[in-house]
Amino acid sequence: HISHPTEDPNAITKKLRLQPTSVKHHGEQRRTPSGKPLKGTYERNYWRTKLKIRSGDDVADFLEELVVSRMADSARHMRELVDSGGDVEIFFGLFANGCCDFLISVDTLRFLSIAGISIRFDYYCPEE
């Protein structure tokens, strides 16, 4: 997820070389995911894409491959977005039936820090 007060989402797409799944522009009418209008307008530009991690894949390996292979050339741009008032976040929704763990390498954490990228993990357990 990327949000920024002024950066054009089309420029983000071009710089990341990833297609977004959702784009919102500053000043556009807010809408529900199904398209129903909401009160107000978006106060920032938003850019989002979905990257699939398969069940059973290691989260840390996926994250390392993402930042090393797909985002290495974009680190400077991500940092510029953050330094100019934007937010860059990688979101993981993790569904677990029991205990799980993973270790994120210092090199991956260093890259994320330099690029200004936050990580969000939401854990979901089965309903009882």
Practice problem: Using amide H atoms built 1.01 Å from N in the peptide plane, name the residues 5+ places from ARG44, or on other chains, whose amide H lies under 5 Å from its own. | Solution: GLY27
Quiz item: Around ILE90, which amide H atoms from residues at least 5 apart in sequence, or from another chain, sit under 5 Å from its own amide H, with H modelled in the peptide plane?
Solution: SER118, ILE119, ARG120
Quiz item: Relative contact order for the range 1-72: what is it in percent, counting Cα pairs under 8 Å that are at least 6 residues apart?
Solution: 34 percent
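Tally up the carbon and sulfur contribution to the accessible surface of the range 56-127 as a whole percent, 1.4 Å probe, everything protein left in place.
On the way: 2320 of 4540 Å².
Solvent-exposed carbon and sulfur of the range 56-127 make up 51 percent of the total.
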Exercise. Treating the angle as unsigned and between 0 and 90°, give the value, to the nearest 10°, between the Cα long axis of helix 106-115 and the longest Cα principal axis of the chain.
Key: 10 degrees
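At 1.4 Å probe size, with every protein chain present, just tell me what the per residue accessible area of the chain comes to in Å². Present the calculation step by step, with values, prior to reporting the outcome.
Details: 8820 Å² over 128 residues.
Solvent-accessible surface per residue comes out at 69 Å².
Are there trypsin sites (Lys or Arg not before Pro) in the range 1-42 that DSSP puts in a loop and that have at most 11 other Cβ atoms within 10 Å, and which ones? If you can, show how the numbers build up before the last one.
Details: sites: LYS14, LYS15, ARG17, LYS24, ARG30, ARG31, LYS39; in loops: ARG17.
Counting only loop positions with at most 11 other Cβ atoms within 10 Å, the trypsin sites (Lys or Arg not before Pro) in the range 1-42 are ARG17.
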Quiz item: With each run of n ≥ 4 DSSP H residues scored as -39500 (n - 2.57), what mean residue ellipticity at 222 nm is computed for the chain after dividing by its residue count and rounding to the nearest 500 deg cm²/dmol?
Solution: -7500 deg cm²/dmol
Quiz prompt | Charge dipole (debye, nearest 20) of the range 29-128; +1 at Cβ of Lys and Arg, -1 at Cβ of Asp and Glu | solution = 780 debye
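The values are calculated or read from the model by the stated rules, or taken from the named source; none is laboratory data. Worth saying up front: this structure is predicted, and the values here are computed from it rather than measured. Here Cβ is always computed from backbone atoms with ideal geometry, including for glycine, and neighbour counts include all displayed protein chains. Side chains included, ligands, DNA and RNA excluded: accessible areas come from the protein's heavy atoms. Shrake-Rupley method; radii C 1.70, N 1.55, O 1.52, S 1.80 Å.
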